[in-house]
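Taken together, the values in this text are just the output of simple stated rules run on the coordinates, not laboratory data. This one's a predicted model, so the numbers in the text were calculated from it and none came from an experiment.
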Amino acid sequence: MSESLPVLVERSTQIAWDLLERSGEITDPGDVSRFLLGNIDDMVRAGEHRQLMLANNAIDAYRRYKRLLAA
């Protein structure tokens, strides 16, 4: 691993945030921030350290979460 875990979490969260922002999916920045950070932190604690995998999984989880809230 070439970067520290906090940097990995920060960069993965930023990638996910940027994609969701560009796609217009961020309606509550605080909610999105807490969700992404919590989700990515959980995955890192479970052993996932691939930046793009963390970001993509967090994006997918957030989209599932939003669909559940809308149902």
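Return the calculated 222 nm mean residue ellipticity for the chain, to the nearest 500 deg cm²/dmol, obtained by summing -39500 (n - 2.57) across DSSP H runs with n ≥ 4 and dividing by the residue count.
Details: 3 runs with 55 residues, N = 71.
The helix-only estimate for the chain comes to -26500 deg cm²/dmol at 222 nm.
Between [x] 1.06; [y] 1.12; [z] 1.43, which entry matches Cα Rg over 2.2 N^0.38 Å as derived from the coordinates of this structure?
Matching entry in [x] 1.06; [y] 1.12; [z] 1.43: [x].
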